[in-house]
Amino acid sequence: MSAEDASLRPERILELSERLSAVAGEKIGEIATVNRSAKMLAINALIVAARAGEAGRGFAIVAEEFKTISTQIDAVAAALESQVRADLNELTVIGGAILGHLRGQRLADLALNAIEIIDRNLYERTCDVRWWATDSAVVDCVAAPSREASTYASQRLRVILDAYTVYLDLWICDPAGRVVASGRPERYPAAKGLSVADSAWFKNALKTRSGDEFTVCDIERVRALNDAPVATYATAIREGGQAQGKVIGVLGVHFDWKPQAQAVVDGVRLTDEERTRSRVLLLDQNHRVLASSDGQGVLDETFKLDTAGGTMGSYGDRGRTVGYALTPGYETYAGMGWYGCLVQTAETAKPAALAPAGRLTAA
């Protein structure tokens, strides 16, 4: 960050308020110190004048006047301190409110950016599954089931996986929900012959009305994929690969959620200093943690997100600022009600308050 950029930081409001407070307190203290010395001189002058008798009368008058002026200076200094303290306290409150609003807005913007990246990424998955379900090898695997068709389809799926590294595996299922071909049988042998008939993605895919539709489920761990967390997208495989063809099976594609989501939360643009006191989250519609920049609570923790501010907003929470944004969706992908969320603890700051000047009461 350049010197010019640093001088324009919103935090400068509070930093300047603190500096002004320190300078004002110091100078008022100096006035009090000088005035204390002046008072002592006036008192000494009165003592000398009294000893001098008639000869010191004129000097005594001047000393009394000087003492009066010193008392007035004390009063002015006290009024100055009181007013400056009040104004600086107000400035600190206003500055803190402005800073809090700006910080909250920035966190909400970053949260929106994070969930938008996820939306765009997952939109591509909806395109992939609908496209691959029309591949002749995929269609033939369930239209005319045989060992040869299954082997060829598996080879075809492997080629796809080699090109699209964001997937763990692709499964072709017959109408009964049995996995008849997969792209990585060596890595995930448990998938072969597995029944997914009770899986929501399979049942919902069977209900799609055309090849233009798809289904997606919340992030879940799949035992046959070594308990890896995945986002599964699915659509029906139809006769002839035609959009209105008869449903003859289901294609499920398992998006490798963990590394892709982690890259998004880790990639949020925070300064190194901010990153040490910030947590970036992706939350589902029930505010379950789907991804976290600190790697904690994934699929186990439910974050208490207050969405009273609407689809996008920020709020303070026990010394933290929380910014969030609801998924806006992307193209034909409406999203699943997920949220981007940033939680940031406040910077450690010195209070902007005047130190007591330590005035001397007139004798």
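Among the GluC sites (Glu not before Pro) in segment 130-238, those located in a DSSP loop and surrounded by at most 10 other Cβ atoms within 10 Å of their own Cβ are E186. Stretching the chain fully between A22 and A200 yields a gain of 57.6 nm (0.36 nm per residue, less the alpha carbon separation). Among the GluC sites (Glu not before Pro) in segment 239-346, those located in a DSSP loop and surrounded by at most 11 other Cβ atoms within 10 Å of their own Cβ are E331. Simple point charges give the picture: +1 on the Cβ of Lys and Arg, -1 on the Cβ of Asp and Glu, and for the chain a dipole about the Cα centre of about 500 debye. Each residue of segment 311-327 is assigned a 3J(HN,Hα), and the resulting list reads 6, 8, x, 8, 7, x, 8, 6, x, 10, 10, 10, x, 8, 8, 7, 3 Hz, derived from the Karplus form 6.51 cos²θ - 1.76 cosθ + 1.60 (θ = phi - 60°), x at Gly and Pro.
Across segment 174-239, Cα-Cα pairs more than 14 Å apart make up 61 percent of the total.
Backbone amide hydrogens, once placed in the peptide plane, bring Y330 within less than 5 Å of G335, excluding anything fewer than 5 places away on its chain. Taking amide H atoms as placed 1.01 Å from N in the peptide plane, the amide H of I237 lies under 5 Å from those of I248, G249, V250, L251, each 5 or more residues away in sequence or on another chain. For segment 116-176, report the % of Cα-Cα distances exceeding 19 Å. Summing the P(r) tail past 19 Å for segment 116-176 gives 34 percent. One quarter of the convex hull surface built on the alpha carbon atoms of segment 124-255 amounts to 6.7 nm², the projected area averaged over directions. Sparsely packed loop sites in segment 122-206 (the trypsin sites (Lys or Arg not before Pro) outside DSSP H, G, I, E and B with at most 16 other Cβ atoms within 10 Å) comprise R187, K192. Across segment 252-258, computed HN-Hα scalar couplings (Karplus, 6.51 cos²θ - 1.76 cosθ + 1.60, θ = phi - 60°) run x, 10, 9, 6, 6, 5, 4 Hz from first to last residue, x flagging Gly and Pro.
How much length, in nm to one decimal, is gained on full extension between R221 and K207, taken as 0.36 nm per residue of separation minus their Cα-Cα distance? Don't jump to the answer; show the numbers that get you there.
Values: separation 14, 0.36 × 14 = 5.04 nm, distance 2.35 nm.
Going from the current span to full extension adds 2.7 nm.
Close amide-amide hydrogen proximity is noted between V222 and D227, A228, V230, each under 5 Å apart and 5 or more residues distant or on a separate chain (H modeled in the peptide plane; Pro and chain starts excluded).
Listed by chain and number, the lysines placed with their C-alpha closer than 28 angstrom to that of K67 are K27, K39; residues fewer than eight positions away on the same chain are left out. Pairwise Cα separations in segment 198-354 fall into 5 Å bins from 0 onward with the following percentages, short to long: 2, 8, 14, 17, 16, 12, 10, 8, 5, 3, 2, 1, 1, 0, 0, 0, 0. Dipole of segment 62-141 computed with +1 at Lys/Arg Cβ and -1 at Asp/Glu Cβ about the Cα centre; of A108, I69, N89, farthest Cα towards the positive end is A108. Straight-line cross-link partners of K304 among the aspartates and glutamates, defined as a Cα under 18 Å from its Cα and at least 8 positions apart when in the same chain: D284, D294, D317.
For the chain, what does the helix formula give at 222 nm: sum of -39500 (n - 2.57) over DSSP H segments with n ≥ 4, over the residue count, nearest 500 deg cm²/dmol? Please report the intermediate quantities before stating the final value.
Working: 8 runs with 168 residues, N = 363.
After summing the helix terms and dividing by residue count, I get -16000 deg cm²/dmol.
Phi angles across segment 139-151 convert, under the Karplus curve 6.51 cos²θ - 1.76 cosθ + 1.60 with θ = phi - 60°, into 3J(HN,Hα) values of 5, 5, 4, 9, 6, 9, x, 6, 4, 5, 5, 5, 5 Hz, Gly and Pro given as x.
Let me know the Kirkwood hydrodynamic radius for the chain, please, with Cα pairs as the basis and the value in Å to one decimal. Intermediate values should be presented prior to the final figure.
Numbers: mean 1/r = 0.0385 Å⁻¹.
After inverting the pairwise mean of 1/r, the radius is 26.0 Å.
No lab work stands behind these numbers, since they all come straight from the coordinates. The model shown is predicted, which means the values in this text are computed figures rather than measured ones. When we count neighbours, we look across all protein chains shown, and the Cβ atoms used for this are built from the backbone with ideal geometry, even at glycine.
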